[in-house]
Structures are given as structure tokens and as C-alpha cells.
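The values are calculated or read from the model by the stated rules, or taken from the named source; none is laboratory data. A quick note: this is a predicted structure, and the numbers were derived from the prediction, not measured. Glycine gets a Cβ as well: all are built from the backbone with ideal geometry, and neighbour counts include every protein chain shown.
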Amino acid sequence: MLDIIVYVLSFFITIPLLASFLVYIISMIRERNKLKAFHSAVNWTTILYIIAVTIMLGIIFDRSFVGVVLIFLLISLSLIIFIQWRTGRDVQFKKAAKLLWRISFLLFFILYGCLMIAGIIKYLAT
């Protein structure tokens, strides 16, 4: 049983686009609202994109990028909190984390596409 869970999870980490699509479809059936379904898909699959990009960077460049990704996320969160503080609003960690999560989805979604193309080119070049 545990093997099945590991295989399904590794499949969705390998192809997070499919996971996003499935979460969107399931949320669309449940919520009957396209915007809520899209937000649900973004929230549930962001971690898959982060993991997939980290693994793809490691495969393409033969180095580990886990620390770089974690430091990037922490610096981004710090920057968001600093901007909240400087604009005079109260610092709201929940809003900052939500904004970081959505920005991370956009960034890692784009990086996933670029790295997929770079990986194909690298594979074809060798």
C-alpha cells in the first residue's frame, strides 16, 4: 500500500501539470466555480512544482539546489514582510505567506517549463 502512495506521489512530482489539471477538475466538480477551482489547484500543487524544479535543476546541472531554493523562498518571504512593514500596514504573516505561495507557483511553473525545454535540449545534444 505504501508503495502505491510513493509511486503516485513520485508520478505527480514528475508531471505536476497533470496534478494541477486533476486538482482543478476535482475542485471544479466540488465548487462549481472556476476561480475557486483555479486557486485550489494553485494552492495544492505549488509544492509539487517547487520539488520538480529542484530535482530538474539537480539533474541538468549535476548539483544540489535544495539550499538555494530554500534560501530564495526565505529571502522572498522576508522581502514581502519588509514591504508590508514599510508601506505602513500591519505585518500580517498569513497574507505574506499566501502571497509568497502564489508568487512561488508562478515562478516555479515558468521555471518548470523552461527547465523541461532545457532538459530536452540537453538530452538531444548528448
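Structure values in brief
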item: Among (1) closer than 17 Å to TYR112 by Cβ; (2) modelled with pLDDT of 95 or more; (3) surrounded by 15 or more Cβ atoms within 10 Å (Cβ to Cβ) - the single one ILE60 does not satisfy; result: (2)
item: Search result, residues across the stretch 1-40 that are modelled with pLDDT of 90 or more, surrounded by 13 or more Cβ atoms within 10 Å (Cβ to Cβ) and of a type in the set (A, V, I, L, M, F, W, C); result: LEU17, LEU18, ALA19, PHE21, LEU22, VAL23, ILE26, MET28, ALA37, PHE38
item: Check on TYR24, in contact (Cβ under 8 Å) with a residue 60 or more places away in the chain and either aromatic (Phe, Trp, Tyr) or touching a helix residue (DSSP H, G or I) at 6+ places or on another chain (Cβ under 9 Å) (or both); result: no
item: Breaking point among (1) at pLDDT 95 or above; (2) closer than 25 Å to LEU9 by Cβ, for SER78; result: (2)
item: Among residues of the stretch 1-32, those that are farther than 16 Å from THR46 by Cα and in a helix (DSSP H, G or I), counted; result: 13
item: Candidate set from the stretch 73-121 (those that are of a type in the set (Lys, Arg) and surrounded by 13 or more Cβ atoms within 10 Å (Cβ to Cβ)); member that is nearest to ILE60 (Cα to Cα); result: ARG102
item: Condition check for LEU124: under 14 Å from the mean Cα position of the chain (by Cα), part of a helix (DSSP H, G or I), exposed (fewer than 13 other Cβ atoms within 10 Å of the Cβ) and without any contact (Cβ under 8 Å) to a residue 12 or more places away in the chain; result: no
item: Among the residues listed as ILE110, ILE71, ILE83, the single one being within 24 Å of LYS122 (Cα to Cα) and either in a helix (DSSP H, G or I) or modelled with pLDDT of 95 or more (or both); result: ILE110
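Condition check ((1) among the aliphatic types (A, V, I, L, M); (2) under 18 Å from THR14 (Cβ atoms); (3) more than 13 Å from the chain's Cα centre (by Cα)) across all residues:
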| site | (1), (2), (3) |
| --- | --- |
| LYS34 | no, no, yes |
| TRP44 | no, yes, no |
| LEU74 | yes, no, yes |
| GLN84 | no, no, yes |
| LEU107 | yes, no, no |
